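**Student:** Next up is a structure, given as structure tokens.
The values are calculated or read from the model by the stated rules, or taken from the named source; none is laboratory data. Note that the structure is a prediction, hence the values are computed from the model and not measured. No Cβ is skipped: glycine too gets one built from the backbone with ideal geometry, and neighbour counts run over all protein chains shown.
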Amino acid sequence: MKAVNTIAKRYLFSRKHISLISTLTFISISGVTIGTALLIIVLSVFNGFFDVIQSLLLANDPDIRIESAEARSVAISQEQLNQLSELPHVVAVSPYIQGMSLIAHDRARDNVATVKGIHIDKYLDLSFALQDVREGSKNLEVRNNMPGVLISERTANREMLNVGDRIALLSTAGMQRALTQFTGPRSFNFQVRGIYRQNRFIDEDIIYIDIEAARRLFSERTNYTGIDLRLTDNRQANSLKRTLESELGSAYLISTWYDLKKSQYDVLNMEKWGAYLILMIIVLIAVLNIAGSLTMVVIQKKRDIGILMSMGFSKSKIRKIFLTQGWFIGIIGCSIGGLLGLSLAFLQDTYGLVKLAGAESFIIEAYPVVISPWDVLLVLGGSLLLCLFASWYPAKLAANTDPSEALRYE
């Protein structure tokens, strides 16, 4: 094995003269280096954007959501809610009642909006949606026989509402009941207590009211629309989902944070791995150079191969010589490219060297970077495998050399 490595190094790093073969070898190593570095950088940037988008979506979405798989609402007792809060990794449990409602007041036309009834204290532990209230307060209690509501900036601007204004809410269920029972629709009056800053990446405007007021509005006596859970680490969501599915049964629909916004997350992942496949073409081009340069080495060293075979080198050892050359090229290219890619990614993450165009209107100024050890291993492993694959044909060609023909030819 030592002799195989020595011969492979001598063929690959001969210093006697600079030939076309050595030039092609240098180009091959450079191609693997550039391709590996670019892959690490690009995948790290995609990871950074994924984390940014995830953090924005998780400001409104829970880590786990429990809903009914068969009905509009889910029946769950206070004892069961307490049991949920005692599960491993669970830090907050917040039941809610949600539905569509018509907004009526004296300064704008009636519009339909999503109304969500919550326990404000529990919800603040679970979601960041109401952390930034720019006007008013988060108080939803009844004052002067009138419960409060929290509305978004977008809703306030569209409806021309201010803190202290009175609005009426009429649920779609209430309108349907009025039509079927031939009675007047019953609306409920609320007072605008606060205006919160809406996440620009969330299209849906939600009006928040106290959960007891939501029970009256939507005629929901005991059930909930769903129960939201916040975990210490959202990476535990899938394992907890499996636990809840086995314990609660098929009557309940358990969704993780990924399931709730699956289409958006899937697009991000498709873009990431699409970029990975495209950039692997750079490495593939370098691999073709490896195959070409090693084939030329086999042709140039045909006499040496014949001599080695006559000295007792088996075909497997001859094959290993050229496979080792491909391995050396891959190791050198991946090592330099890996260090270069990780260094540039670290500098970008630390100093934000490359700025985003139009960053003044976005929440971050520079390209975000998150280095994933699994991505780095995937890039390095894929590049090394391609280098070994490229050296297989030259190695097979060398192993099939007839020593008598090679020596007689010389």
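**Student:** What's the number of the condition S293 fails, among (1) surrounded by fewer than 18 Cβ atoms within 10 Å (Cβ to Cβ); (2) of a type in the set (S, T, Y); (3) touching a residue at least 40 places away in the same chain (Cβ under 8 Å)?
**Tutor:** (1)
**Student:** So, in the stretch 54-83, of the ones that are within 14 Å of L244 (Cα to Cα) and of a type outside the set (S, T, N, Q), which residue ends up surrounded by the fewest Cβ atoms within 10 Å (Cβ to Cβ)?
**Tutor:** A69
**Student:** Quick one: would you say I329 is in a helix (DSSP H, G or I) and within 25 Å of I27 (Cβ to Cβ)?
**Tutor:** Here the answer is yes, as I329 does meet what is asked.
**Student:** Next question, about the same structure. Which count do you get for residues in the stretch 230-260 that are surrounded by fewer than 16 Cβ atoms within 10 Å (Cβ to Cβ) and under 21 Å from F128 (Cα atoms)?
**Tutor:** Summing the residues that are surrounded by fewer than 16 Cβ atoms within 10 Å (Cβ to Cβ) and under 21 Å from F128 (Cα atoms) in the stretch 230-260 gives 3.
**Student:** Next question. Taking the options V354, V369, name whichever one is under 30 Å from the mean Cα position of the chain (by Cα) and free of Cβ contacts under 8 Å to residues at least 60 places away in the same chain.
**Tutor:** The match here is V354.
**Student:** Scanning for something crowded, with 17+ Cβ neighbours inside 10 Å, charged (D, E, K, R) and more than 30 Å from S239 (Cβ to Cβ), does the stretch 110-132 turn up at least one residue?
**Tutor:** No, every residue in the stretch 110-132 fails to be crowded, with 17+ Cβ neighbours inside 10 Å, charged (D, E, K, R) and more than 30 Å from S239 (Cβ to Cβ).
**Student:** Just to be sure I understand, how many residues within the stretch 83-111 are under 22 Å from T155 (Cβ atoms) and in contact (Cβ under 8 Å) with a residue 40 or more places away in the chain?
**Tutor:** Residues that pass the stated criteria total 14.
**Student:** Would you check if there is a residue in the stretch 227-248 being among the small types (G, A, S) and over 19 Å from H89 (Cα atoms)?
**Tutor:** No, every residue in the stretch 227-248 fails to be among the small types (G, A, S) and over 19 Å from H89 (Cα atoms).
**Student:** Working carefully through the options P95, P147, P88, find the one that is at pLDDT 90 or above, of a type outside the set (S, T, Y), surrounded by fewer than 18 Cβ atoms within 10 Å (Cβ to Cβ) and farther than 20 Å from N199 by Cβ.
**Tutor:** Result: P88 is the single residue among P95, P147, P88 that is at pLDDT 90 or above, of a type outside the set (S, T, Y), surrounded by fewer than 18 Cβ atoms within 10 Å (Cβ to Cβ) and farther than 20 Å from N199 by Cβ.
**Student:** Which of the numbered conditions does G330 fail, given that it passes all the others? Conditions: (1) in contact with a Cys (Cβ under 7 Å, 6 or more places away or on another chain); (2) within 20 Å of P403 (Cα to Cα); (3) of a type in the set (G, A, S).
**Tutor:** (2)
For (1) at pLDDT below 90; (2) part of a helix (DSSP H, G or I); (3) in contact with a Cys (Cβ under 7 Å, 6 or more places away or on another chain), each residue gets a yes or a no:
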| residue | (1), (2), (3) |
| --- | --- |
| I7 | yes, yes, no |
| S14 | yes, no, no |
| L24 | yes, yes, no |
| F46 | no, yes, no |
| I66 | no, no, no |
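**Student:** Considering (1) closer than 24 Å to S73 by Cα; (2) modelled with pLDDT of 90 or more; (3) in a strand (DSSP E or B), say which one L170 fails and leave the rest.
**Tutor:** (2)
**Student:** For the list (1) part of a helix (DSSP H, G or I); (2) surrounded by fewer than 16 Cβ atoms within 10 Å (Cβ to Cβ), I need the number of the one condition that L353 fails.
**Tutor:** For L353, the failing item is (1).
**Student:** Could you identify the single residue in K317, K302 that is more than 43 Å from the chain's Cα centre (by Cα), crowded, with 17+ Cβ neighbours inside 10 Å and either assigned by TED's automatic domain parsing to the domain that holds N47 or under 18 Å from F49 (Cβ atoms) (or both)?
**Tutor:** Only one candidate passes the filter, namely K302.
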